[in-house]
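Please read the structure below before turning to the comments.
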Amino acid sequence: RRLKLLVASFFSATVLGGSSNNTPSFLKAQQDMFEKGVYPGIEYRVLRIIDPEPPQPQPQPGTSSSSSNHKSNDVEEDLFFDAEGVDYELKPVCALPPSMERQWPVRINERQIPNLISTLQYNVITAIGAFSASASILVFFFLLSLATSLFFIPSRSMDPTLQVGDVLLVEKISPRLPTPLNRYEVGDVVLFKPPDALREIVALNGGKLTDRDLFVKRVAAVPGDTVTVDKSGSVLVNHKPTGVRRDLCDAEPTKLIERYIEP
């Protein structure tokens, strides 16, 4: 109910032009600004910054303090910087509707400007914002590491398509998708963990693999195809030659597969 009274009193005092007697105290400062011609969302030009209470000069010898005070009270000092308790003379940058026009410039005191938040609230919000931004960056890079990875090519087994030193940006989401959405096609370049049989072949030929090493190869057949390798090492897919040359890379033995063909 207190919230309804607050909204009703503010609406009647500012929108409908009703009585502002019931306006909460923290909204009266904003209403005073409206009456003087300072509206939210309007751009103003600061014409003067005035110190309404400049430092009092020391009375000269032989001069009465009352006359000195009388003269000093009539003096205002123009400032070129912001300070606590100063007055501002403001004028809108653009023309306003007739109902919002005032005798410009208007003068308001720095203490009359309502503070939306206190210093403590500002510091708390700033700390929360900085923490949220840092956490968002960490979460973003964590999710990015789950979705993608960088790999470099150490050998020439895929030359000339992939050369030594090439860096691959590999997405890791499609292998986790259900089968209907995760379909490979012949010719796709994929990375995979080598099975034990392939690890043994590498080890027998003097190679060494770690648990994080992956193989990069091109898909030659998909589920449902029949793959055969004859005694000469030629690969047939569905009893037809693949049409892919295996002699493009002269840095690796193309007849290595023949050592492991069982008649």
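Computed from the coordinates by the stated procedures, all read-outs in this text should not be read as laboratory data. Since this is a predicted model, take the numbers as computed values, not measurements. Cβ atoms come from the backbone with ideal geometry, glycine included; neighbour counts cover every protein chain shown.
Here each label is just a point 7 Å from Cα along the line to Cβ, and for SER155 and LYS193 those points are 1.9 nm apart.
Calculated translational diffusion coefficient of region 97-141 (4 °C, 1.567 mPa s; Stokes-Einstein with Kirkwood radius over alpha-carbon pairs) equals 90 µm²/s.
Quick check on my link table: of LYS36/LYS91; LYS193/LYS240; LYS172/LYS240, which ones sit more than 21 Å apart, alpha carbon to alpha carbon? From the list (LYS36/LYS91; LYS193/LYS240; LYS172/LYS240), the Cα-Cα distance tops 21 Å for LYS193/LYS240; LYS172/LYS240. Here r is the Cβ-Cβ distance between PHE81 and SER134 and R0 is 35 Å; the resulting FRET efficiency, rounded to 0.05, is 0.55.
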